[in-house]
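What follows is a set of notes on a single structure, which appears directly below.
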Amino acid sequence: MGLTVSPVSKLRGSFSVSGDKSITHRAFIFSSISRSEVFVRNPNRGEDVMRTLVAMQSVGAKAREEKDGFYIKGIGLSNVKEPENILYCGNSGTTMRLLSGLFAGINGKLFIADGDESLKKRPMKRVIEPISLMGGKIWGRRGNAFAPLAIKGAKLHGISYKMKVASAQVKSAIILAALSADGKTVIDEKARSRNHTEIMLKEFGGKIETNGKITVYPTDNLRYDELFVPGDFSSAAYFIALALIAKDADIVIKNVGVNPTRSYLVNKLKDAGGRIELFNRRIENGEPVCDISVKSSHLHGISVDASEVPLLIDEIPLIGVIGAFSEGKTVVRGASELRVKESDRIKLTVSNLKSFGIEAEEFEDGFSVKGGRAKYGFVKTAFDHRIALSFIIFALAGEGAEIEEVKSINISFPEFFDILERVKNG
Ligand code: S3P
């Protein structure tokens, strides 16, 4: 259903955002294949991570929901069952790609993975190719390029692989496959991408070396007891952006995950003049966490290049929005990966900016946007949660807008409007 969003000028208060989506996927996977019962505290509860949890339950893991999280009883990698039904991944590329790697090593068992219209258009060769080199057997539509996927578990071999795309999902799929290989696997990343899988594998007692190349050793003896999922930086980013560009804002976001492979936007926004402070820094289960204070700021435009893109990949539509409220030009290049996300995020970022009367130009690998005066806009989301959330922020900081639908925000940030109600207008 569509929504009319009215502007807000004042933001006050201190709050937490939903648990990190990427970390929750991994917590559900590692707990399920562990040989222990793990309490996953403060998980993300969006639709994507629930696809992963249901998939892991359908291969034998047991989950029990409590107010603060989930108890997950693992089964051990070698006891993963053949599911009775198709693994439905919905909109979640992380579920499909990570589980393709994991299940490729479950010898003799068959797994069929499907998704929604958006996921069926997203490239899967990037996972099938390295996993096939390990001896994995995965088939997909149109020459093994697209879902639905059929995965026939096989005996995998360790490989040495130089990645062709800078993708944490692909890297994680290879790491998960490597757990059941017959020897070590070495991964050479194309560019540094989020490293939650590496950190969590180490926490669970796996052997992985991460100095330069990533070396993973097989194991079926992972254990843990309790894991705290920090607030999702990518969700916090919407409120960071809103506070910076709103007229009168002074907020604190607590317990946010600030792994440097995720929170790079903060560096860029500070350089642009953003009044952002990170404090109360600590490490929780191997992941850096802190509180973040943000105040209304006068920003100037930024430039993002290819080497920076993986470190703020999910925040790029939001960078377009922030650019519209900054002085001068904001330019993003080397971001063609955005064309194969839940939607073509380059195209939609530019067309939505234009609907607000903002000057923006589309490039094959990015866009540029000129800070300007926003008018009332009409937002098309293509049911992409990050587009919807980014342009809700635009509407709140600008002159309002009609958003085509907001149901998609349940993919990653179901609590968004509850938090907004608490902090808006003081
Ligand atoms: C994710 C990695 C990123 C990101 C996605 C979640 C993950 O995708 O865009 O939202 O949890 O590993 P790529 O690694 O494919 O760029």
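Is it the case that some residue within segment 84-94 is more than 16 Å from the ligand (Cβ to nearest atom) and buried (at least 19 other Cβ atoms within 10 Å of the Cβ)?
yes
Of all residues in segment 321-335 being surrounded by 19 or more Cβ atoms within 10 Å (Cβ to Cβ) and within 16 Å of the ligand (Cβ to nearest atom), which is farthest from the chain's Cα centre (by Cα)?
Val332
Taking Ser118 as the residue in question, decide whether it is of a type in the set (S, T, N, Q) and either away from the ligand (no atom under 16 Å from the Cβ) or open to solvent by 10 Å² or more (accessible area, probe 1.4 Å) (or both).
yes
If Thr24 satisfies every condition in (1) buried (at least 24 other Cβ atoms within 10 Å of the Cβ); (2) more than 21 Å from Asp314 (Cα to Cα) but one, which is the exception?
Exception for Thr24: condition (2).
Can you spot a residue in segment 207-225 that is within 30 Å of Asp305 (Cβ to Cβ), without any contact (Cβ under 8 Å) to a residue 24 or more places away in the chain, in the same structural domain as Gly76 (by TED's automatic domain parsing) and among the β-branched types (Val, Ile, Thr)?
Scanning segment 207-225 turns up at least one residue that is within 30 Å of Asp305 (Cβ to Cβ), without any contact (Cβ under 8 Å) to a residue 24 or more places away in the chain, in the same structural domain as Gly76 (by TED's automatic domain parsing) and among the β-branched types (Val, Ile, Thr).
A quick yes/no check of all residues on (1) modelled with pLDDT of 95 or more; (2) more than 16 Å from the ligand (Cβ to nearest atom):
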site	(1), (2)
Arg97	yes, no
Val127	yes, no
Arg141	yes, yes
Asn144	yes, yes
Ile159	yes, yes
Ala191	no, no
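Of the residues that make up segment 396-407, is at least one outside any loop (DSSP other than H, G, I, E, B), within 16 Å of the ligand (Cβ to nearest atom) and surrounded by 17 or more Cβ atoms within 10 Å (Cβ to Cβ)?
So far as segment 396-407 goes, no, none of its residues is outside any loop (DSSP other than H, G, I, E, B), within 16 Å of the ligand (Cβ to nearest atom) and surrounded by 17 or more Cβ atoms within 10 Å (Cβ to Cβ).
Just checking, how many residues over segment 292-307 are open to solvent by 20 Å² or more (accessible area, probe 1.4 Å) and either among the charged types (D, E, K, R) or within 16 Å of the ligand (Cβ to nearest atom) (or both)?
Adding up the residues that qualify gives 4.
How many of the residues in segment 53-82 are closer than 20 Å to Lys202 by Cβ and buried (at least 19 other Cβ atoms within 10 Å of the Cβ)?
Of the residues in segment 53-82, 3 are closer than 20 Å to Lys202 by Cβ and buried (at least 19 other Cβ atoms within 10 Å of the Cβ).
Which members of segment 138-178 meet the condition of being touching a strand residue (DSSP E or B) at 6+ places or on another chain (Cβ under 8 Å), open to solvent by 20 Å² or more (accessible area, probe 1.4 Å) and charged (D, E, K, R)?
If the condition is that a residue be touching a strand residue (DSSP E or B) at 6+ places or on another chain (Cβ under 8 Å), open to solvent by 20 Å² or more (accessible area, probe 1.4 Å) and charged (D, E, K, R), then Arg141, Lys152, Lys162 are the ones that fit.
Of the residues Ile240, Ile245, Ile208, Ile253, which single one is modelled with pLDDT of 95 or more and over 23 Å from the mean Cα position of the chain (by Cα)?
Criteria check complete, one pass: Ile245.
Quick check on Glu47: is it modelled with pLDDT of 95 or more and touching a helix residue (DSSP H, G or I) at 6+ places or on another chain (Cβ under 9 Å)?
Answer is yes for this residue.
Does segment 270-284 contain at least one residue that is within 16 Å of the ligand (Cβ to nearest atom), surrounded by fewer than 22 Cβ atoms within 10 Å (Cβ to Cβ) and in the same structural domain as Ser390 (by TED's automatic domain parsing)?
no
Considering only residues that are more than 19 Å from the chain's Cα centre (by Cα), of a type outside the set (Asp, Glu) and either within 16 Å of the ligand (Cβ to nearest atom) or open to solvent by less than 50 Å² (accessible area, probe 1.4 Å) (or both), which ones fall in segment 337-365?
Answer for segment 337-365, where residues must be more than 19 Å from the chain's Cα centre (by Cα), of a type outside the set (Asp, Glu) and either within 16 Å of the ligand (Cβ to nearest atom) or open to solvent by less than 50 Å² (accessible area, probe 1.4 Å) (or both): Val350, Asn352, Leu353, Ser355, Phe356, Gly357, Ile358, Ala360, Phe363.
The values are calculated or read from the model by the stated rules, or taken from the named source; none is laboratory data. Just so we're clear, the structure is a prediction, and the values are computed from it rather than from any experiment. Cβ coordinates were reconstructed from backbone atoms using ideal geometry, including for glycine residues, and neighbour counts include every protein chain displayed. Surface accessibility is based on the protein's heavy atoms, side chains included, excluding ligands, DNA and RNA. Shrake-Rupley method; radii C 1.70, N 1.55, O 1.52, S 1.80 Å.
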